[in-house]
Amino acid sequence: MPKGDVEGWKRLQAAAPYMIPAMGTEGADLSPEKPAESASYPYPVLMTNASTDASLVNKMLNAMDETFDEYKDAAPGNVGWAMDRQSLSWVVPYHEGAIEFFKSKGMWTDEDQKNNDMLIKRQEVLAKAWQDVKSRKHANAAEFEQDWMKTRAGALTAAGMDAGTSNW
């Protein structure tokens, strides 16, 4: 998946917006000297609810950052916790405590904030669409699924947001 294939990346990210260009260096016949240009996604991912105390989230990220050298080699995916590997304009919003942490590191940009604000609005649009679908009667699961696909895509489009996919 060459990084320079702009049209290919547009098609991929329309279906899977969390994918990012990557150079694979671990795996069969791969090494730092013999990498494979590929697609990946940020890994590992630390998730929490919006209701989690911002101070706790901030302290957790500080601990992850400060102790990185102590755990980075414990599992292959741990390299993803390195600060220089973070993708801050992503597909799910960052918690206010995480934003505070990234700001303190000089990593959070105006563009990251703009993307995060859009993602929060997107979640609000999706939550309302979900409630609308749940409020209607459906004869079966397939009818519910069709209603959700149509309502979700319609709500995102009406809000000026990319629906990604409207049928699965």
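The values are calculated or read from the model by the stated rules, or taken from the named source; none is laboratory data. In this text the structure is predicted, and so the values were computed from the model without any measurement. Virtual Cβ from ideal backbone geometry, glycine too; neighbours counted across all protein chains shown. Ligands, DNA and RNA are excluded from the accessible area calculation, which covers all protein heavy atoms including side chains. Shrake-Rupley method; radii C 1.70, N 1.55, O 1.52, S 1.80 Å.
Dipole magnitude for the chain: computed about the Cα centre from +1 point charges on Lys and Arg Cβ and -1 point charges on Asp and Glu Cβ, it is near 800 debye. When the Cα atoms of the range 30-168 are aligned to their principal axes, the ranges along those axes come out at 55, 40, 27 Å in descending order.
When you count the other C-beta atoms within 10 angstrom of each residue and take the mean per peptide, 108-117, 2-11 line up highest first as 108-117, 2-11. Shown is the FRET efficiency for residue 65 and residue 120, computed with R0 = 22 Å from the Cβ-Cβ distance and rounded to the nearest 0.05: 0.35. Rounded to the nearest 500, the helix-only mean residue ellipticity at 222 nm of the chain stands at -15000 deg cm²/dmol, with each DSSP H run of n ≥ 4 adding -39,500 (n - 2.57). For a label point 7 angstrom out from the Cα of residue 84 toward its Cβ, which stretches of the range 93-107 have the backbone nitrogen within less than 20 Å? It comes to 102-107, nothing else. Modelled spin labels at residue 159 and residue 25, positioned 7 Å past Cα toward Cβ, are 3.9 nm from each other. Working ranking of peptides 70-80, 37-47, 52-62 by packing, defined as the average number of other Cβ atoms within 10 Å per residue, highest first, is 52-62, 37-47, 70-80.
Considering only alpha-carbon pairs that sit under 8 angstrom and 6 or more positions apart, the relative contact order computed for the chain is 17 percent.
In the chain, taking the dipole from charged Cβ atoms about the Cα centre, the farthest positive-side position among 27, 107, 52 is held by 52. Hey, can you grab everything whose amide H is under 5 Å from the amide H of residue 88? Only 5+ residues off in sequence or another chain; H modelled, so Pro and N-termini drop out. Hits under the 5 Å cutoff: none. Once all protein chains are placed together, residue 23 keeps about 110 Å² accessible to a 1.4 angstrom probe.
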